[in-house]
Each structure stands twice: as structure tokens, then as C-alpha cells.
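Novice: The structure is given below, and queries will be raised subsequently.
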Amino acid sequence: MVGKAKVVLTDYVWESLEVERKALEDTAHLVALQTKRPEEFLPEAEDCDALLNTYAGPISAEVMARMERCKIIARYGIGVDTIDLEAATEAGIIVTNNPTYCIDEVAEHTMALVLACARKATFYDRLVRSGRWEVPPGKPMFRLAGRTLGLVGFGNIARAVAARAAAFGMRILYCDPFVRDKQFQVPGEKLQLDEMLRKSDFVSVHPPLTPDTRGMINDQSLAKMKPTAFLINCARGPIVDTQALVRALDSGRIAGCALDTTDPEPLPDAHPLRGRENVTITPHVAWYSEQAMVGLQSGAPNEVRRVLTGEWPINVVNPAVRGKTRAAL
């Protein structure tokens with residue numbers, strides 16, 4: 001395509017690329033792939049001007065070195081843990097994400113999992129499907145009003161969870177080293193992590209996945225939780241040490257958990273987290289709604305279009321690249 005840039009899409013999980021084609025039609029030629037690893041997308045991406053990315057990776061310094069013309073890597077989602085941001089900055093590649101498209105969805109799904117733990121909804125559903133109609137197997141159960149929800153991280157999604165949980169009459173605690181106490185007009189009391197874990201009836205995990213947060217919910221942190229408490233994870237699977245979680249469940253150290261993200265993902269058929277009555281697992285679906293899909297699909301290609309037409313993009317996650325970028329901005 002003479003005169004047009006080349007944009008490579010590494011992978012996608014939706015049915016149509018009409019949104020992408022419309023966003024880029026006057027600017028770039030789109031090459032859409034379905035890959036998982038760099039060695040699969042690099043043959044097309046080595047001469048790309050921009051890379052659209054969903055899950056395929058990791059996108060390391062070595063991968064970027066082979067994409068000598070690439071000006072931007074635009075992620076469809078929020079997290080950028082599969083991209084080496086320092087290497088991207090050094091290479092002059094802008095990295096963008098899509099931080100707001102599914103805030104409501106993840107907050108709602110978190111509350112759905114909290115409710116599933118509190119009201120044993122998934123447990124009773126399985127019980128009825130097996131032919132039983134009994135109340136006692138799900139005991140004990142406690143009303144949400146007056147219970148305490150601890151939020152690990154207090155970003156956009158966690159604050160949306162806090163507002164919803166407060167409407168149920170829950171007490172909100174949170175820990176986040178990057179948020180000042182009372183910084184936001186949202187219910188919540190800031191505590192250190194250990195104290196928050198000790199006081200919470202439900203602990204919901206919401207930080208980004210970084211080297212510091214990887215495995216932060218481990219044997220030591222789980223040991224500080226109440227034996228009646230539940231762990232909720234709608235963030236990233238590796239934030240929770242899976243084997244530590246299995247040990248906590250085996251020993252009765254915590255009452256149960258509800259996970260939308262796991263490590264590994266998907267879980268193998270024979271994984272020890274499967275088949276437990278006190279564990280609810282959903283398949284990394286918290287981000288999804290029909291409305292969220294619109295925001296998801298349009299975010300990344302529009303960031304690419306901005307860069308390729310000389311505009312600075314909106315959601316840059318490596319702002320230090322400014323002044324180093326390969327793009328003519």
C-alpha cells in the first residue's frame with residue numbers, strides 16, 4: 001500500500017475489525033494476525049509502523065529491536081505488564097493503554113464475586129443442579145451490611161468498587177502507597193496492608209501487575225487474613241501466589257476465594273483450584289460488556305492514528321519517551 005503506514009494487530013478476541021479499519025482507513029494498511037508469541041507476529045511486524053496488541057507477548061527489548069520502524073505499541077487493555085516500558089522508552093517507541101473502557105464492568109464483576117461469596121450463590125446453584133434442595137450446606141452466611149471490604153490498590157476500578165460496596169452498607173478500607181488518605185471523595189479509610197488484611201472480611205485485589213506486586217498476596221499476607229475472610233481477584237492472576245492460595249484453602253486459613261484472573265490462565269483441567277465448593281472462578285470476563293467492547297476496540301487504533309498523523313496520543317504510559325520518539329510529533 002504505497003503512501004500508507006503499516007499497522008500490525010498481533011491478536012484479538014472480537015468478531016469484526018470494522019472499527020479498526022474505519023479508524024485507520026485513511027492512514028494505514030492493517031495486517032490482522034492471531035498470534036500468541038513474538039516469533040509468530042515478528043515476520044509481519046519487523047517492518048511495521050505501529051503495533052496493536054491484545055495479549056500476545058512478551059514484547060521485550062529484543063522484540064522491539066527487530067521493529068526498527070515501529071513508532072507506537074498500543075494496547076487494547078489497561079495493563080502493560082507484557083511490555084518492557086523502559087526498553088520502549090529507550091527505543092523511542094510510545095506505549096499507550098486504554099485505562100477507562102471497563103471501569104464499571106470490573107467494579108460490577110467484583111461486587112458480583114463478593115456477593116457470590118457472601119450469599120454462596122454459585123455453591124447453591126451447583127447444589128441444586130446436582131439434585132439437592134437444602135440450606136444447611138451453605139452455612140454460615142452473613143449479611144454484607146456492616147462487613148468490611150479491604151481493597152489492595154485504590155485506583156479507578158477500586159474506587160468504583162468502594163462506591164458500590166458502600167451502597168451495600170459495607171465498611172471500606174484500602175491500602176495504596178500512591179494515594180493519600182482522603183485524596184478522593186470516595187468512601188474508604190487508608191491503612192497499611194497488614195492491618196487492612198487483619199480487619200477485612202473480604203479482600204479484593206486491584207493493583208497493576210509490576211515486579212513489586214507480583215506474588216504480593218502470598219503465604220505471609222494470607223496468614224494475616226481472618227479465617228472467615230474471602231479473597232477476590234479481578235486484577236491480574238500473578239498478583240496472587242497460586243500455590244500459597246491453594247495452601248491457605250487446604251488448611252482453612254481463609255474461607256474461600258472468587259477469581260476472575262488466575263495464574264496460570266487458563267487453569268489446567270486438573271488444577272487444585274478447580275472443583276472446590278468454596279472457590280468461584282470466572283474466565284477473565286470482568287472487562288466485558290457490549291458497551292465496553294465499543295470503548296475497547298476504538299481506543300488503541302485511534303491512538304495509533306493520532307501518532308501516525310502527527311498528534312501526541314492521549315493515554316501514554318511511558319511519558320519519558322517524549323523528545324526521544326521515532327514519530328514526527
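Novice: Quote the FRET efficiency, to the nearest 0.05, computed for Ala320 versus Thr100 with a Förster distance R0 of 22 Å and r equal to the Cβ-Cβ distance.
Specialist: Details: r = 22 Å, r/R0 = 1.01.
Calculated transfer efficiency: 0.50.
Novice: Moving on to the next point. For the chain, what is the convex hull volume of its Cα atoms per residue in Å³?
Specialist: 147
Novice: Something else: Compute the Rg to Rh ratio over region 67-128 from the alpha carbon atoms, using the Kirkwood formula for Rh, and round to two decimal places.
Specialist: 1.31
Novice: Too long at a 24 Å Cα-Cα cut-off: which of Lys139/Lys199; Lys6/Lys324; Lys36/Lys324; Lys4/Lys36? Please report the intermediate quantities before stating the final value.
Specialist: Values: Lys139/Lys199 22 Å; Lys6/Lys324 21 Å; Lys36/Lys324 29 Å; Lys4/Lys36 26 Å.
The pairs that break the limit, which is 24 Å between Cα atoms, are Lys36/Lys324; Lys4/Lys36.
Novice: Another question about this same structure. Would you order Glu44, Glu105, Glu39 from fewest to most other beta-carbon atoms within 10 Å of each residue's own beta-carbon? Show your work: numbers first, answer last.
Specialist: Numbers: Glu44 17, Glu105 21, Glu39 9.
Ascending Cβ contact count within 10 Å gives the list Glu39, Glu44, Glu105.
Novice: Fewest first, what order do Arg214, Arg75 take by the number of other Cβ atoms within 10 Å?
Specialist: Lowest to highest Cβ neighbour count: Arg214, Arg75.
Novice: Consider all pairwise Cα distances in region 264-307 and report the whole-number % of them above 15 Å.
Specialist: 62
Novice: Moving on to the next point. Within 10 Å, Cβ to Cβ, of Leu144, how many net charges do the neighbouring residues add up to if Lys/Arg are +1 and Asp/Glu are -1? Spell out each step's value before the answer.
Specialist: Details: positive: Arg119, Arg143, Arg147; negative: Asp201.
Counting the neighbours of Leu144, the net charge comes to +2.
Novice: Which number comes out as Rg/Rh for region 103-281 once both Rg and the Kirkwood Rh are worked out on C-alpha atoms?
Specialist: Here Rg/Rh amounts to 0.95.
Novice: Continuing with the same structure: At Val135 and Lys4, where each label point lies 7 Å from the Cα along Cα→Cβ, what is the point-to-point distance in nanometres?
Specialist: In this crude label model, Val135 to Lys4 measures out at 6.5 nm.
Novice: How much net charge surrounds Ala160 when only other residues with a Cβ under 12 Å from its Cβ are counted (Lys, Arg +1; Asp, Glu -1)?
Specialist: Details: positive: Arg159, Arg164; negative: Asp104, Glu105, Glu108.
With Lys, Arg at +1 and Asp, Glu at -1, the net is -1.
Novice: For Phe142, Phe154, what ranking results if the residue with the fewest other Cβ atoms within 10 Å of its Cβ goes first?
Specialist: Least to most surrounded, the residues fall as Phe142, Phe154.
Novice: Also, I was wondering about something else. Only Cα pairs within less than 10 Å get springs; with that Gaussian network setup on the chain, which residue of Arg236, Arg164, Arg129 has the largest fluctuation?
Specialist: Checking each option, the largest mean-square fluctuation is seen for Arg129.
Novice: Averaged across orientations, what area in nm² does the convex hull of the alpha carbons in region 22-66 project?
Specialist: Reported value for the Cα convex hull: 3.4 nm².
Novice: Restricting things to alpha carbons, tell me how big region 1-149 is in terms of Rg and Dmax, in Å.
Specialist: Cα only, region 1-149: 22.4, 71 Å (Rg, Dmax).
Novice: Now, a different point. Hydropathy first: keep DSSP H helices in the chain averaging at least 1.6 on Kyte-Doolittle, then drop any whose Cα extent along the axis falls short of 27 Å, and list what survives.
Specialist: Answer set is empty.
Coordinate-derived values only; no laboratory data. The structure presented is a predicted model; accordingly, all values stated were derived computationally and were not measured. Note that each Cβ is placed from the backbone with ideal geometry, even for glycine, and that neighbours are counted across all protein chains shown.
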